[in-house]
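Below: the structure, in structure tokens.
Since every read-out is calculated from the coordinates, none of them should be taken as a lab result. Remember, predicted model here, so these are calculated numbers, not experimental data. Cβ coordinates were reconstructed from backbone atoms using ideal geometry, including for glycine residues, and neighbour counts include every protein chain displayed.
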């Protein structure tokens with residue numbers, strides 16, 4: 001059931017994103033100059049930028065954001081699984097500590113309980 005809901009939400013998200021991005025691409029076809037050289041702007045030097053349609057820049061920014069979000073969520077999920085595994089291992093080693101005691105220590109433990 002969980003896999004079905006995940007697929008359903010994924011497909012609905014894709015359809016919603018397509019509904020938003022298609023008109024965005026149609027309305028923002030004008031070319032803009034993308035220049036990432038900030039120092040040229042500060043020192044008033046001519047710089048060479050890249051002429052791209054605005055919707056391409058927006059689509060690339062969205063894609064980079066989605067990939068970064070997916071990567072961060074994967075890292076957090078891995079970190080949580082690692083901490084849960086460590087806690088389970090610690091609990092398992094504490095619960096089995098009595099199983100690894102020598103026979104003399106177990107006999108002494110039984111005598112003190114009685």
Report summary line: The FRET efficiency for residue 2 and residue 26, from their Cβ-Cβ distance with R0 = 25 Å and rounded to 0.05, is 0.10
Report summary line: Gyration tensor on Cα atoms of region 1-89, a ≥ b ≥ c root eigenvalues, a/c under 1.5 rounded, else prolate if a/b beats b/c, else oblate, says oblate
Query raised in the report: Nearest 0.05, what FRET efficiency do residue 68 and residue 33 give at R0 = 25 Å with Cβ-Cβ as r?
Result: 0.50
Query raised in the report: Once label points are set 7 Å from the Cα along Cα→Cβ at both residue 85 and residue 47, what is their separation, rounded to one decimal in nm?
Result: 4.5 nm
